[in-house]
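Coordinate-derived values only; no laboratory data. What you see is a predicted model, and the numbers here were worked out from it, not measured in a lab. As a convention, Cβ positions derive from the backbone with ideal geometry for all residues, glycine included, and neighbour counts pool all protein chains shown.
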Amino acid sequence: MHGGADARTAPLKERTPALPEDLGEQVRRALAEDVGSGDLTAALVPAAASAVGQVVTRESALLCGQGWFDEVFRQLDSSISVEWSQPEGASVNSGDLLCRVCGPARGILTGERTALNFLQTLSGTATAARAFVDAVAGTGCRILDTRKTLPGLRTAQKYAVACAGATNHRKGLYDAILIKENHIIAAGSITAAVEVARRSSPGVKVEVEVESLAELEEALAARADMVLLDEFTTVDLVKAVEINRAQGRPLLLEASGGIGLENVRDIALTGVDFISIGGITKHLRAIDLSMRFALLPKQ
């Protein structure tokens, strides 16, 4: 299943992004939240006991989050080993063995829930993102994420989105400018807002959110770098693409609002460059995973 030529089931090794720099800190926070001053229940297990845990999935998914899973056990007890049966970015089916965790039983039991939480959350994010990527395949349109992420896990979820073959939008408020309705009201107009953005943050990409074709015309005239077409009908999206292409320097166009799997391909076929889907990270449904645990015989 995992070595075939079908792009929808093949591992995404060539697209697997670099792990975020704050991965270790995310794991430390999660362990502190769960373990606190110590795992009282794990203390019931003999200190010298060894065990093996087999992680299986109970549903089809895109596997994502191995770095976080590994880091949980590395921080708890470096003698615990994790052996993966599936690569990061692989499509897996219900019942598939994902990995084996071997080592001191106490450490495995203590880390089980935190490790699975990361794996099920990031696999859920990647699975949702991959569904949208597959839906627009062949159109030339790319799926974007948003800032609607779980607090404290933005880099993790953006990693999962990229692992699924989708594209990350801005990381936060610090690396790009997105001028929205309230910014326009405060600045007085789209033109004024773009002018201020250029002066205050030279060299930074400026995107403008518009809600009508008239506002699109103003954003084009103001020479923004990218325009977000919010809640446009399919008919108006086609018109927006035509208007944009008619000028000498067409901008990148992003569609957003009211878009789901049922209509995302129709939106992509209008000719927009990107479609942003907040639900990929916001409306998260974790993948159902379980760890089957067994004590190993004393040596």
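Only one of (1) 47, 41, 36; (2) 66, 41, 36; (3) 76, 42, 27 was calculated from the structure for Cα extents along the principal axes in Å, and its label is (3).
Helix 105-135 and the longest principal axis of the Cα set of the chain meet at an angle near 30°.
What lysines could a cross-link reach from Lys205, if we take a straight Cα to Cα line under 18 Å and drop same-chain neighbours fewer than 8 places away? Within reach: Lys171, Lys180.
Note on the chain: helix-only mean residue ellipticity at 222 nm, from DSSP H runs of 4+ residues weighted -39500 (n - 2.57) and normalised by residue number, equals -11500 deg cm²/dmol.
Ordered by the number of other Cβ atoms lying within 10 Å of each residue's own Cβ, fewest first, Val272, Val56, Val82 fall into the sequence Val56, Val82, Val272.
Between 0 and 90 degrees, the angle of helix 23-35 with respect to the longest Cα principal axis of the chain falls at about 50 degrees.
Report the antiparallel proportion of the DSSP beta bridges in the chain as a percent, rounded to a multiple of 5. Kindly include the intermediate steps, with their values, before the conclusion.
On the way: 20 of 38 bridges.
The answer is about 55 percent antiparallel.
Against the longest principal axis of the chain, how steep is helix 154-163, in degrees 0 to 90 to the nearest 10, with axes from Cα atoms? With both axes taken from Cα atoms, the answer is about 90 degrees. For segment 186-274, divide the Cα radius of gyration by the Kirkwood radius and give the resulting Rg/Rh value with two decimals. Result: Rg/Rh = 0.99.
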